[in-house]
Amino acid sequence: MEAVDVCVVGGGPAGAAMALRLAELGRSVCLVEKTFHAAKPSYLESLTPGVLAQLDYLGLGGVLAVAGARAASKTELRWGGPWERRPAAAGGCLVNRSRLDEILLDAAVARSVRVFRPATLLARDRQDEGGWSLACGTQDKIIRFRAAILVDATGRAGAVLKRRRRLGARLLALSAPWRGGALPASMIVEAGVAGWLWAASVPNGPTIAQLFVDPRDVTGPGSGLAERYFKRICEFETFQWLGAPDLTAGVVARDATAFLDLACADPDHPDALKIGDAGLALDPISSSGVQAALQSGLQSAIVANTVLTRPATARCWTRRAYARSLRALLDAEMGGDDARDEFVVFLLGQA
Ligand SMILES: Cc1cc2nc3c(=O)[nH]c(=O)nc-3n(C[C@H](O)[C@H](O)[C@H](O)COP(=O)(O)OP(=O)(O)OC[C@H]3O[C@@H](n4cnc5c(N)ncnc54)[C@H](O)[C@@H]3O)c2cc1C
C-alpha cells in the first residue's frame, strides 16, 4: 500500500496552501477534492491585502492577476447612518474564487502534490501504531493508502470529525447576479432592518448582490427563497443601483454562520488537523475568510512538519499554538479580554 506523509481533504485556499507549503518542505502530500475542474460554483469575493503577501510567500504572487482579480477601489457603506465612502486598503481586490482555487490546485500539482479529483474520502481508520489507513474513491477506482497525518480542509462542509460550536447568530447568505446596473463604488455594504447587503461588481461582469439574513426569516412555508430574496432586496437603498436580476442564474443560498470546531487541534491526536473554515469559520462581514484560511494552511504545514519531525515535542507545541491562535482569532469575535480568556480556558479544557 502506498504511503504519504500527509493527506489533505479539500482543495480550497486552506488545503491548497498547506499542500503547497508541505511540498516545499519536502513532504509527500496527496489532496482529495470532491469537485470536478470548473464545476465549482463561482463566487465573487473581496480579498484583504494580506492575501497577496501570503501568495508571495508561496512564490505565487502572480496568481491573482492570472485569476483576473481587480483592485477594489472604494466601498460605499451605510451602517445605520448616512452613506460613507471609504477608500479601499491598498492591495485589496475582488476575485472569482473558483478561478483562484483552480490556479492554486494547478500550482500544487506542478509542485508534486498528488491531487485526486473528483474524489472523496470513503474510509479512514486510525492505526494502533499511529497514522491512518485511508480509502479514496475517484470516478473509476478506489485508491487505498496510508498517511501519517489526515487534514480536514473541507470548509463549512466539514467532512471529518465535527464538534462545532456557533460563535454568533445563525446567518444565511442569498446571492444572485444582476445586469445593467451601476454601483457608485466597487463594493457596497448596507445594513437593513433585518439583515445586511453586500454588493460588488467587476468591469464586464454582473453585479453580485448578497443578502445576509436570519435563515428563519426566509425559510418555512409560503413563497420560495428566490421570491423572498427579491422582496427583501427592494427594501435596501442599494436596489436603485442594481439594474435587472439575471433570472437564468437563480438565487444561491449559503450558510454563513460563524463557528469554531473544537476538534480543530486536539493535542492528544496531532495526527488529525482541521484547517481553514473546517476549523474556524469567520463572520463574512470581516471579508477576511480567505486570508484566515491561507494563514491556517501555512501554519498547519509547520505543525504537521513538526509532528512528523519531532513527535515527542508535538503535543506540547500544538497545545500552545492552539491557545495562541484561539486568542488571536477570538479577539475579533468576543468583547473583553476576560470573556475571551475564559473561553480559551474552557476550550482547552475540552480538548
Ligand atoms: C456568503 C459568504 C461570503 C464570503 N465572502 C468572503 C469575502 O468576500 N472575502 C473573504 O476573504 N472570505 C469570504 N468568505 C469566507 C471564505 O469563502 C472562506 O473563509 C474560505 O473559502 C475558506 O477557505 P477553505 O479552504 O477553508 O474552505 P473552502 O473554500 O470552502 O474549500 C473547501 C474545499 O473542500 C472541498 N470539499 C468539501 N467537502 C469535501 C469532501 N467531503 N471531500 C473532498 N473535498 C471536499 C470543497 O469542494 C472545496 O473545494 C465568505 C463566506 C461566505 C459563506
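Only the coordinates and a few stated rules stand behind these numbers; no lab work does. Note that the coordinates shown come from a computational prediction; the quantities given were computed from them, not determined experimentally. Every residue, glycine as well, gets a Cβ built from its backbone with ideal geometry; the counts of neighbours run over all protein chains shown.
Within 10 Å of each residue's Cβ, count the other Cβ atoms and sort Trp79, Trp132 from fewest upward.
Working: Trp79 12, Trp132 20.
Exposure proxy ranking, most exposed first: Trp79, Trp132.
For region 100-113, the Karplus equation 6.51 cos²θ - 1.76 cosθ + 1.60, evaluated at θ = phi - 60°, returns couplings of 4, 4, 4, 5, 5, 5, 4, 5, 5, 4, 4, 9, 6, 7 Hz by residue, with Gly and Pro reported as x. I'd like the distance separating the alpha-carbon centroids of region 88-141 and region 71-87, in whole Å. With region 88-141 and region 71-87 each reduced to a Cα centre, they are spaced 36 Å.
At q = 0.25, 0.28, 0.30 Å⁻¹, what is the base-10 log of I(q)/I(0) for region 149-213 according to the Debye formula with one equal point scatterer per Cα and no solvent? Please give it to two decimals. For the requested q values the scattering log ratios are -1.04, -1.18, -1.28.
Using square roots of five times the C-alpha gyration tensor eigenvalues, list the equivalent-ellipsoid semi-axes of region 172-255 in whole Å, biggest first.
Working: eigenvalues 86, 38, 22 Å².
Largest first, region 172-255 gives 21, 14, 10 Å.
For Lys274, the lysines whose Cα falls under 27 Å of its own Cα, not counting residues fewer than eight places away in the same chain, are Lys34, Lys40, Lys141, Lys162.
With Cβ to Cβ distances under 12 Å as the rule, what net charge do the other residues near Gly137 carry (K, R +1; D, E -1)? Charge balance near Gly137 sits at +3. Values of log10 I(q)/I(0) for the chain across q = 0.07, 0.11, 0.15 Å⁻¹ run -0.31, -0.78, -1.33, by the Debye formula with one identical scatterer at each alpha carbon and no solvent.
If you run the Gaussian network model on the chain, springs between alpha carbon atoms under 10 Å, then out of Pro270, Pro41, Pro13 the most flexible one is Pro41. No solvent, one uniform scatterer per C-alpha: report log10 I(q)/I(0) for region 232-281 via the Debye equation at q = 0.15, 0.29, 0.32 1/Å, two decimals. For region 232-281 at q = 0.15, 0.29, 0.32 Å⁻¹, log10 I(q)/I(0) is -0.64, -1.08, -1.17.
Projected label points at Ala226 and Gln240, each 7 Å from Cα along the beta carbon direction, are separated by 2.8 nanometres. Distant-in-sequence amide contacts of Lys74, defined by a placed amide H-H separation under 5 Å and a gap of 5 or more residues or a different chain, comprise Ala88, Ser186, Met187.
Provide Lys34, Lys162 in ascending order of the number of other Cβ atoms located within 10 Å of each residue's Cβ, fewest first. Could you put the intermediate results ahead of the total?
Details: Lys34 19, Lys162 15.
Fewest-to-most ranking of Lys34, Lys162: Lys162, Lys34.
Residues Thr75, Thr309 in ascending order of nearby Cβ atoms (within 10 Å, fewest first): Thr309, Thr75. Just the number, please: percent antiparallel of the DSSP beta bridges in the chain, rounded to the nearest 5. Of all bridge pairs located within the chain, approximately 70 percent are antiparallel. Based on DSSP H segments of at least four residues, each scored -39500 (n - 2.57), the chain has a per-residue ellipticity at 222 nm of -9500 deg cm²/dmol. Between Ala200, Ala169, Ala72, where does the largest GNM mean-square fluctuation fall for the chain, given springs only between Cα atoms within less than 10 Å? Checking each option, the largest mean-square fluctuation is seen for Ala169. Residues whose amide H lies under 5 Å from that of Gly192, counting only those 5 or more places away or on a different chain, are Leu197; hydrogens are built 1.01 Å from N in the peptide plane. For region 1-142, the alpha carbon positions stretch 62, 29, 29 Å along the principal axes, listed from largest to smallest. Using alpha carbons only, how many angstrom separate the centre of region 269-310 from the centre of region 146-164? Region 269-310 and region 146-164 have Cα centres spaced 11 Å from each other. Towards the positive end of the charge dipole of the chain, with charges on Cβ (+1 Lys, Arg; -1 Asp, Glu), say which of Gly250, Ile142, Ala119 has the farthest Cα. Farthest towards the positive pole: Ile142.
If you run the Gaussian network model on the chain, springs between alpha carbon atoms under 10 Å, then out of Arg163, Arg70, Arg97 the most flexible one is Arg163.
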